[in-house]
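Every number in this text was worked out from the coordinates using simple rules, so none of it is lab data. This is a predicted model, so every value here is computed, not measured. Methodologically, a virtual Cβ is constructed for each residue, glycine included, from the backbone with ideal geometry; neighbour enumeration extends over all protein chains shown.
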Amino acid sequence: MTDETEKKPGFFSRLFGREQPAPASEPAAEPSAAAEALAPETEAVPESIPAVGPGGFRLPETPSPFAEEAPAAEPAGGRRSWWTRLKEGLSRSSSAIGGGITDIFTKRKLDADTLEELEDILVQADLGVDVSSRIVEAVGKGRYGKDIAPEEVKQILAAEVERALAPVARPLVIDATKKPFVILMVGVNGSGKTTTIGKLAAKFRREGKSLMLAAGDTFRAAAIEQLKVWGDRTGAPVVSRPQGADAAGLAFDALTQAREAETDVLLIDTAGRLQNRAELMAELEKIVRVIRKMDASAPHAVLLVLDATVGQNALSQAEIFGKIAGVTGLVMTKLDGTARGGILVALAAKFGLPVHFIGVGEGVDDLEPFEARDFARAIAGLE
């Protein structure tokens, strides 16, 4: 697979036949397959889920064995807005892009050199070569040889990013005719699958849907216990087996029980696995195969949970998990200020997979439906 960071000729280089050297890419630390496969996930379960189920049923508030300290006090005036949290989550990307734009376009006229420098910044921010080229072309159109303010460049950037993301900003729709509606969660170790399941379970419960959770990460005992905590929080039964049990067999049991209970939604966790480990991916393929023997249309949604801090590696994950499990949508997690959020733009341009949710923290309310305009303005550093 071609590395997305590979520098293609810039827009004005292609126009004038002039090539600039590729920007130095930030080396990505690649852990060994064995180390990542064995590394424990460090997902946290919030202290409580302030939710009320159907008919006024208040969800349990069992103390979490995973919480090691009390949650931070809320700021004066109440909980910070989603927009504030999103901006903070994308601060690494927006600072790099915004600072670069200010440096380039302050007291300089727009020419081939400034546009080349702009494209370098955008590619290094993981927006992808194609989208970066489109942004550079839009900035240069009708402005060559003129002054242009950094704020105007940011406005153009936001508009082009929104245009790239708008087609993939689609909600996760639960088909009520599919009972249960089976959602399979996949991703590498530490991406946040189990926590995301808990957040989705709380969301569906608030919508009045009946739930069942399947602890398909039989590799880690902690993952099984963690999902049980989420089950207690949301009032959802959890189907589990001892550590080391066959994950495909557990999926079979869970689907059987969910059918018998006429459950609305079945959320199936899976073990974190490297996309380049053939034996682990074969196990995931077996889970999908077993589910489809029971229901040819299932799983009805396969959500790939991506850690926003991994940058370009997310492209490889999307490609391989898509081939093995038939990924139908993405959830981007860990937009926590260290994220390389631009990669979501490159993913949209390359694969066109729906982006259903983004997460900016460990709290149950820190997972929200993806909005292209908000994301675009946040990454451009606009209010």
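For this structure, a couple of remarks:
- Of all lysines in the structure, those lying under 16 Å Cα to Cα from Lys141, and not within fewer than 8 positions of it along the same chain, are Lys109, Lys154.
- Under 5 Å, built H, 5+ apart or other chain: amide partners of Val182: Leu266, His300, Ala301
- Computed from the Kirkwood radius of its Cα pairs, the Stokes-Einstein diffusion coefficient for segment 167-236 at 20 °C and 1.002 mPa s stands at 162 µm²/s.
- Over segment 170-370, relative contact order from alpha-carbon pairs under 8 Å, at least 6 apart, %: 26 percent
- Under 27 Å of direct C-alpha separation, and excluding same-chain neighbours fewer than eight residues apart, Lys199 reaches these lysines: Lys87, Lys178, Lys179, Lys209, Lys228, Lys286, Lys323, Lys334.
- When both bridge partners sit in segment 275-383, DSSP labels roughly 25% of those beta bridges antiparallel.
- Counting only DSSP beta bridges with both residues in segment 170-370, the antiparallel share comes to about 10 percent.
- Highest-first arrangement of 298-306, 170-178, 156-164, where packing means the average Cβ count within 10 Å: 298-306, 156-164, 170-178
- Our analysis of segment 95-209 gives Rg over Rh at 1.20, with the two radii drawn from alpha carbon positions and Rh computed by the Kirkwood formula.
- Normalised Debye scattering of segment 209-355 at q = 0.11, 0.14, 0.15, 0.16 Å⁻¹ gives log10 I(q)/I(0) of -0.45, -0.73, -0.83, -0.94, counting only Cα atoms as equal scatterers and leaving out solvent.
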